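Following: one structure in structure tokens, then a few remarks.
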Amino acid sequence: MIKLEKKQIRLVSILIAVIFIGSVVALALTQTGNIASAASSSSVGVIDYQQAMAEHPDVKNLQTQMETAVSDIKKEFDEKSAGMNDQEKADYYMQCQQRLAQKQQELLEPIRQAVEGAIKKVADKRGMAVVIDKAAVIYGGQDITQEVIAELGKK
């Protein structure tokens, strides 16, 4: 039973990481629309999106809420799965993982919106038409990461 619990924690952690990385990649892809024409007519900003998300003032609260949700669901799983066979346990475990993923999305959405709002505000102030995730840029662009983090700190 202890091995199963460690495996559960590992799977939940991996799921949370995959969802976070997937959302960052999706955001980066949606913001890279027509880069060539925008870059030729105005300056291009770059941002370390993961750093900006990590330094949002509410991230610690989000982490605490996620830890609470994980422990609550783990406790619920342990209680309800006691009489289940292996297949039922696996199905119920997947349901629990989906609930955790949904909870994480709910908690991340206001932070993501705040970061994107701060990015837009800084980009507008500097006259930038395009801001790209730093991970997608090989050369060039004006790094606005610290300005965005400072903007997030004002709220």
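The values are calculated or read from the model by the stated rules, or taken from the named source; none is laboratory data. None of the values given here were measured: they were computed from a predicted structure. For the accessible areas, the whole protein counts, side chains as well, though only heavy atoms, and no ligand, DNA or RNA atoms are used. Shrake-Rupley method; radii C 1.70, N 1.55, O 1.52, S 1.80 Å.
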Check your understanding: Over all pairs of distinct alpha carbons, what does the Kirkwood formula give as the hydrodynamic radius of the range 50-148, in Å?
Key -> 16.4 Å
Practice item. Scan around V131 for amide H atoms under 5 Å from its own, H built in the peptide plane at 1.01 Å from N, and keep only partners 5 or more places away or cross-chain. Key: G45
Review point. By how many nm would the segment from E88 to Q63 grow when fully extended, if each residue of separation counts as 0.36 nm and the alpha-carbon distance is taken off?
Key: 6.0 nm
Review point. Just the accessible area for R112, please: 1.4 Å probe, Å², rounded to the nearest 10?
Key: 70 Å²
Check your understanding: Could you name the aspartates and glutamates in cross-link range of K89, using Cα to Cα under 20 Å and dropping any fewer than eight places away on the same chain?
Key -> E5, D72, E76, D78, E79
